[in-house]
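Below is one structure, written out as structure tokens; the observations come after it.
Readers should treat all values here as calculations from the given coordinates under stated rules, not as data from a laboratory. What you see is a predicted model, and the numbers here were worked out from it, not measured in a lab. Note that we place each Cβ from the backbone using ideal geometry, even for glycine, and neighbour counts take in every protein chain shown.
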Amino acid sequence: MSAATLAWRRDVALAAHQVRYEQRSFWRNRRRSISNIAFPLMFLVVFGGLQHGERIGARHDLPFIDFYVPGIVAYSIMVLAFGNLAIAVAAARTNGLLKRLRPTPLPDWAYVVGIVGSTLLAVAIASALLLAIGVAGYGAHLRLATLPGLLLTAVLGTVAFATLAIGISARISSPDSAAPLLAIVTLPMSFISDVFFPLTGAPHWLTDVARSLPLRPLADGLAAAFDPRTHGAGLQGADLRTLAIWCIIGGVMMVRSLGALSARD
Amino acid sequence: MDHAIDVCDLHKSYGTVEAVRGVSFAVPPGAVFCLLGPNGAGKTTTTEILEGHRLPTRGRVRVLGHDPARGQRALRERVGVVLQSCGIQDDLTVGELLEMYGRYYRRPRPAAEVVELVELRASLATRAAALSGGQRRRLDLALALVGDPDLLFLDEPTTGFDPHARRQAWSTIRSLCSLGKTVFLTTHFMDEAQSLADQVAVMVAGRVVACGSPQTLGGRDALPTEIRFRLPDGVGLGSLPALPGAALSREGAAVLVTTGQGVLATQALTAWALERGVSLAGFTVAQPTLEDVYLALTGGVW
């Protein structure tokens, strides 16, 4: 094996270890893991209990729980991959962790793979919990045939939010001010994106705005897995396309911010 | 042999402000080099250029033969950096952090060895968040050492330490030198420079105004010796023996003898005191301290 191949293998192993340590940090930090995992779970339990057995007339009599479960999974992905990550990276920048890492041989990309990979794992665990409670506890109808669509949507949504989070974290001057600042973005987006309640009778332009942002396509893409009218593998072309575009935008913002994070003037 | 650090005519400007104005120095491998200077002298800027955090405006910088501005991994493999107050993964333990950072390097030093070196063995299972301030500084040092670097940058490594912890840190740094490491140190403490450094450079207003060993810096070894003592009541300066080339003066209750012939003057004074049965209370012989020299060089702001 050539030296370059060996070095490459070593770096891939290094990135995998970064994922492992980031995961350990995340689950050990009660404040992070509880606020980011427990809140969406609580929403599911409260909403699921309140609207138990009801149906949405405007959505072909879809049971409410089949609307809530994917909606709250989408919300949970946004919380974990966007808010949580933006604050964590902003903190790493302002408290000097990035400054500590910079003179080490750890490549920038391995650090990014570590935090994004760890976020994907946290999303997988949180989503599995939400889906399990939704299906086992409230009788949500998850169609197994649509699992490929569900997975692809969740991964694209997570990557889109995570890269956007890293991208904007360079602009957050203090992690303490980040939470309310991020809420200004995430809360209104949640209200127009079919995650807490179906947006019926909204003006077209508002729906269009929501569809062009990342949360609504994520929620819609996931909702397809619970919709009896969905055929095939549940791959929602339009939603996946929008999410892919956000992945590209996020990726560009992230790469630019990494330059800014290790600014050499 | 090539120098570990070679700086030639280094300049750095921020807009119209010239922070570094033509600095040159060289650090031989295995030496402890100490950069001294008041705040705003350009120490931090110079150090950050050496660490690759900043680009020089002009001049040539080589660290272990590399241009630090290019940030090559081959260089990062061989350099350890301890910055002041840097964040860390607070929820991981000392042992986990050493394992994690050790993986970044091709030939890491075993964690067990590193904790021994910085005396953190008892804290291996402690989370970083739960460490005391001093332990946290030692962890910073441990993480800089885990890659077994050839060159170590220490930015005010003992600021905030109690006297005992400082002595401990010094002995750790000395043991690094015995391992053949080159150490680049910045500090505010003269005794730290005096005790650790092979070479000291004093920076003032962006320039190196003096460079040398702590013993010879600023011509310290050529400066007159100062002898101080108190005379008993009734014994005046006039009764002292003749001390050729010495200047006598009063310093409060004490007598100050300033002389280029320290040994001769000491011998003459003590012989005189024994002969007359006069006690010379508080008798001391001293070179001007590094601090005296430093204050003279930096304009003596007290």
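Neighbouring Cβ atoms from other chains, within 10 Å of the Cβ of residues in B:70-76, number 3 on average.
Spin-label model, B:Ser249 to A:Ile184: label points 7 Å out along the Cα-to-beta-carbon direction sit 6.4 nm apart. Please check which bits of segment A:188-217 a label hung off A:Glu54 would reach, taking the label as a point 7 Å along Cα-to-C-beta and the cut-off as backbone N under 19 Å. Correct set: A:191-202. Each residue, B:Glu291 and A:Ala136, gets one label point 7 Å from its Cα in the Cβ direction; the gap between the two is 6.9 nm. When +1 charges are put on Lys and Arg Cβ atoms and -1 charges on Asp and Glu Cβ atoms, the dipole computed for the protein assembly as shown relative to its Cα centre reaches about 780 debye. Shielding of peptide A:103-116 by partners, expressed as the average count of other chain Cβ atoms within 10 Å per residue Cβ, is 4.
For segment B:30-82, what does the alpha-carbon gyration tensor say about shape, rounded, prolate or oblate, given a ≥ b ≥ c as the root eigenvalues, a/c under 1.5 as rounded, and a/b over b/c as prolate?
oblate
Sorting B:163-172, B:223-232 by average packing, meaning the other beta carbons within 10 Å per residue, from highest down gives B:223-232, B:163-172.
Take the Cα of B:Glu116, step 7 Å toward its Cβ, do the same at B:His11, and the gap between the two points is 5.1 nm.
Note on B:86-94: average number of Cβ atoms from other chains within 10 Å of each residue's Cβ is 6. In this calculation the C-beta distance from B:Glu18 to B:Arg60 is compared with R0 = 22 Å, giving a FRET efficiency of 0.80. Principal axis analysis of the Cα atoms in chain B yields extents of 73, 48, 35 Å, listed in decreasing size. Semi-axes of the equivalent ellipsoid for the protein assembly as shown, computed as √(5λ) from the eigenvalues of its C-alpha gyration tensor and ordered from largest down, come to 67, 23, 21 Å.
Please give the FRET efficiency for A:Ala16 paired with A:Asp208, using the beta carbon to beta carbon distance and R0 = 45 Å, rounded to the nearest 0.05. Working from the Cβ atoms, E equals 0.65.
What the Cβ-Cβ distance of A:Arg9 and B:Gln72 gives, at R0 = 22 Å and to the nearest 0.05, is a FRET efficiency of 0.60.
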